[in-house]
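Working notes, structure below.
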2 protein chains.
Amino acid sequence: MNIHAKRIKDLQHLLKQNRLDAIVVGRALETGFLTGFHLDGLLMLVTRTEAWAFMPKMLLADFNSKVDFVSASAPDNLIMAAASKVSELRLKKAVFEPETENYLRGNFWKLRGFSEFKGLTSSLRAVKEGEEIDVLRRSCRIAARAFGLVKPRIKTGCTERSVYRALEDVMQGMGAKGPSFDLIVGFGPNSALPHHETSERRLKNNEAVLMDYGCVYRNYCSDITRTYFHGRPTDEFKKVHAIVAAAQKAGLARVRAGVKTRDVDAACRDTISDAGYGQYFIHGTGHGVGLEIHETPTLNTKSDEVLKAGMAVTVEPGIYLHGKFGVRIEDSVLVTKSGCEILTR
Amino acid sequence: MNIHAKRIKDLQHLLKQNRLDAIVVGRALETGFLTGFHLDGLLMLVTRTEAWAFMPKMLLADFNSKVDFVSASAPDNLIMAAASKVSELRLKKAVFEPETENYLRGNFWKLRGFSEFKGLTSSLRAVKEGEEIDVLRRSCRIAARAFGLVKPRIKTGCTERSVYRALEDVMQGMGAKGPSFDLIVGFGPNSALPHHETSERRLKNNEAVLMDYGCVYRNYCSDITRTYFHGRPTDEFKKVHAIVAAAQKAGLARVRAGVKTRDVDAACRDTISDAGYGQYFIHGTGHGVGLEIHETPTLNTKSDEVLKAGMAVTVEPGIYLHGKFGVRIEDSVLVTKSGCEILTR
């Protein structure tokens with residue numbers, strides 16, 4: 001069976017398990033995940049036995065040529081069409097997902113008797129399977145290789161933005177569609193800003209270089225961070241880099257199916273705190289990665305999800321010394337029964 | 001005054017005009033528009049006299065170094081902080097914008113006594129001013145120039161995807177950050193799909209080439225479509241191209257401050273219908289363009305907004321002959337008192 005047809009079956013199985021009759025799905029991420037048709041504008045209605053897609057007229061021919069396991073139509077009003085279908089089929093328990101819905105449409109569903117139900121599509125998306133894993137692996141490998149290709153080109157005087165473009169070029173040369181987010185290239189003190197906006201600043205001798213980047217390859221996002229010192233590293237940089245590397249190693253060692261996400265965070269955080277830098281690790285340890293650059297699950301001090309085999313997550317501890325430099329080391333990994341496979345290698 | 005500080009003043013003026021006390025703004029597009037700080041994660045509260053930004057700890061140092069006209073802080077819970085501030089100041093009429101809000105946060109505001117109020121930030125964003133116009137002009141000029149540079153490279157046998165990359169490269173070479181959307185390059189019958197996904201299909205002799213593309217330059221999006229025939233155009237292509245060109249010309253001639261958006265659509269649509277192709281023009285005539293590739297206003301058969309000087313919109317009629325070819329001609333234009341300035345020239 002086609003992977004997308006299978007996902008619709010999986011969603012239908014979840015409906016049954018949760019004693020639900022139908023779900024409406026309207027965000028492009030989820031409709032793309034369920035159909036393989038990644039354009040914005042579809043509204044899907046999935047019942048225990050059937051699946052419909054309502055869309056603007058201009059998408060219909062293209063959709064029908066690519067997807068044959070969903071009934072497609074182009075009514076004037078998509079949300080009315082979905083709501084009417086639910087009434088027509090006399091479905092009692094129809095739901096929408098509050099976390100993926102916008103305010104206006106969510107309230108329309110509410111008004112039409114739909115209930116909120118969280119986490120159905122995100123739980124399906126979180127666990128990668130089949131061909132999807134190969135695509136994600138390729139996306140991560142492209143990103144990982146780009147470091148080795150771009151680093152030798154980074155010389156004193158080049159701008160952060162030129163490194164951004166070099167990363168993009170090199171990744172596109174390997175088949176990537178483009179960057180998976182606003183890539184972060186930070187030189188010197190800019191590396192101490194976890195969400196620095198890549199700028200025209202030029203690289204000086206003897207300062208830190210941080211690159212947080214990734215690509216989109218066949219819709220799948222990769223995410224990686226590398227930090228090194230351009231020139232002769234200071235003792236402080238060497239010390240901080242070693243602590244972050246040890247923290248990341250401890251985090252990776254903790255990743256395994258069945259482990260709580262916050263325990264992976266704790267493994268990283270404890271290493272950094274024990275070294276006396278706890279207050280400088282100012283963000284969570286990681287996040288799921290896939291069709292979105294940030295998706296389920298979350299790995300931080302409060303998260304209580306449990307890792308499953310097939311989940312893809314980042315492990316990315318960091319230490320940020322404001323005005324001086326920051327170090328972050330990040331890999332994307334695939335959770336397995338016995339540990340993890342590092343994808344960005 | 002800084003353009004962003006002025007926008008906050010403009011928003012405060014709108015609050016007074018509409019007898020509102022405060023507004024919460026949580027989407028990156030709007031917080032970026034109001035502060036010039038374009039990262040995701042900010043939540044702003046603007047009252048008639050003050051402006052606050054609540055954000056994750058890791059953004060604070062960066063924000064403070066760039067924005068000095070908003071009070072920034074990093075509370076544990078952003079939405080609670082905003083709601084508490086409203087209570088603390090005893091503000092009676094606090095609002096949120098239902099069209100930019102997600103379902104969960106919108107309902108939190110509702111629960112805390114905030115009301116829905118549409119269109120405040122979008123009305124500010126729709127009318128471009130000052131430096132913003134120069135940036136948009138540059139974004140459009142980069143896109144327009146790319147056509148002349150890339151067209152000579154498009155030869156029989158090249159793939160749609162390779163043209164996509166050539167457009168990207170050329171635009172980045174002129175300073176663009178990247179494409180402003182998933183660029184559409186369609187050869188032959190693919191040109192008849194208005195939202196075709198650019199593929200590995202190769203160009204054959206004697207077929208249509210459609211390129212719908214644009215770039216992001218300093219956060220501003222451009223949008224342009226060019227269609228031509230690779231080889232010796234068929235009579236049918238020549239006829240259809242001439243009709244679309246005439247329709248676009250009629251639409252552009254109609255653009256002027258004070259005109260209804262649907263009248264611009266009618267000017268294009270009537271030309272195409274009169275030529276007997278009405279049923280093949282299967283989408284609206286245009287949309288606003290700026291920080292987003294699609295923004296206020298909308299130009300279609302039903303839209304009833306009125307054009308104002310400073311609005312930037314696309315005019316993009318098309319005719320799509322399924323299985324054969326499609327023609328779309330699109331420019332981004334700036335609305336003026338007496339007509340419009342074509343930006344993609």
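What the table below lists for this structure:
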{"item": "Cut-off under 5 Å, modelled amide H: who pairs with A:V259 long-range", "result": "A:L307"}
{"item": "Other-chain or far-sequence residues with amide H under 5 Å of A:G231's (modelled H)", "result": "A:N206"}
{"item": "Residues A:K249 and B:E131, FRET efficiency given R0 of 41 Å [Cβ-Cβ distance, rounded to 0.05]", "result": "0.30"}
{"item": "On Cα atoms only, tilt of B:131-150 relative to the major axis of chain B in degrees", "result": "30 degrees"}
{"item": "Per-pair calculated FRET efficiency, R0 = 25 Å: B:K324 and B:T159 via Cβ, rounded to 0.05", "result": "0.75"}
{"item": "Dipole magnitude of the range B:131-342 about its Cα centre (Cβ charges: Lys, Arg +1; Asp, Glu -1), debye to nearest 20", "result": "660 debye"}
{"item": "Hypothetical label at A:K118: residues of the range B:110-150 whose amide nitrogen lies under 19 Å (7 Å Cα-Cβ projection)", "result": "B:110-112"}
{"item": "Fewest-first sequence of A:D304, A:D21 by Cβ atoms within 10 Å of each Cβ", "result": "A:D304, A:D21"}
{"item": "Dimensionless Rg over Rh [the range A:218-345; C-alpha; Kirkwood]", "result": "0.98"}
{"item": "Amide proton proximity set for B:L343, modelled H, under 5 Å, gap of 5+", "result": "B:S332, B:V333, B:L334"}
{"item": "Length gained when the stretch B:K302-B:D76 is fully extended (0.36 nm per residue, less Cα-Cα span)", "result": "76.9 nm"}
{"item": "Fluctuation leader among B:F37, B:F187, B:F108 - chain B, Gaussian network, Cα springs under 10 angstrom", "result": "B:F108"}
{"item": "Backbone N within the range B:107-123 under 17 Å of label point (7 Å from B:K92 Cα along the Cβ vector)", "result": "B:113-116"}
{"item": "Order of A:R138, B:R232 - criterion: other Cβ atoms within 10 Å of each residue's Cβ, fewest first", "result": "B:R232, A:R138"}
{"item": "C-alpha long axis of helix B:3-17 to longest principal axis of chain B, angle in °", "result": "70 degrees"}
{"item": "Cut-off 15 Å, label 7 Å out along Cα→Cβ of B:N206, residues of the range B:233-266 by amide N", "result": "B:233-238"}
{"item": "Inter-copy spacing of B:E50 label points, which lie 7 Å from Cα along Cα→Cβ, given in nm from shortest upward", "result": "5.7"}
{"item": "Along principal axes, Cα extents of the range A:169-237, largest first, whole Å", "result": "42, 20, 20"}
{"item": "The range B:1-135: C-alpha gyration tensor shape, a/c 1.5 cut-off, then a/b vs b/c", "result": "oblate"}
{"item": "Three-way shape label, the protein assembly as shown, alpha-carbon gyration tensor, a/c 1.5", "result": "rounded"}
{"item": "A:Y228 paired with B:E236, simple spin-label distance in nm, labels 7 Å along Cα-to-beta-carbon", "result": "5.8 nm"}
{"item": "Sparse-neighbourhood loop sites, GluC sites (Glu not before Pro) in the range B:138-242 - DSSP loop, at most 10 other Cβ within 10 angstrom", "result": "B:E200"}
{"item": "Residue-wise HN-Hα coupling along the range B:230-240, computed from phi with Karplus coefficients 6.51, -1.76, 1.60 (Hz; x: Gly, Pro)", "result": "8, x, 9, x, 6, 4, 5, 4, 4, 5, 5"}
{"item": "Antiparallel %, DSSP beta bridges [both residues in the range A:3-126], to 5", "result": "50 percent"}
{"item": "Antiparallel content of DSSP bridges confined to the protein assembly as shown, in %, to 5", "result": "85 percent"}
{"item": "At most 16 other Cβ within 10 Å, DSSP loop - trypsin sites (Lys or Arg not before Pro), the range B:97-133", "result": "B:K118"}
{"item": "Ascending count of other beta-carbon atoms within 10 Å, so fewest first, for A:T49, A:T296, B:T314", "result": "A:T49, A:T296, B:T314"}
{"item": "Angle in degrees between helix A:261-274 and the longest Cα principal axis of chain A, rounded to the nearest 10", "result": "10 degrees"}
{"item": "3J(HN,Hα) from dihedral phi, the range A:29-38, Karplus parametrisation 6.51/-1.76/1.60, rounded to Hz, x for glycine, proline", "result": "4, 6, 5, x, 4, 7, 10, x, 9, 9"}
{"item": "222 nm mean residue ellipticity, helices alone, for chain A (DSSP H n ≥ 4; -39,500 (n - 2.57); rounded to 500)", "result": "-11500 deg cm²/dmol"}
{"item": "Virtual spin-label span in nm between B:R141 and B:K57, 7 Å along Cα→Cβ", "result": "4.6 nm"}
{"item": "Cα gyration tensor shape of the range A:131-342, rounded if a/c is under 1.5, else prolate or oblate by comparing a/b with b/c", "result": "oblate"}
{"item": "Two-site label geometry, B:K66 and B:N2: point separation in nm, points 7 Å out along Cα→Cβ", "result": "1.1 nm"}
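No value in this document is a laboratory result; all are computed from the given coordinates. Predicted model only: the values in this text are computed from it and were never measured. Here Cβ is always computed from backbone atoms with ideal geometry, including for glycine, and neighbour counts include all displayed protein chains.
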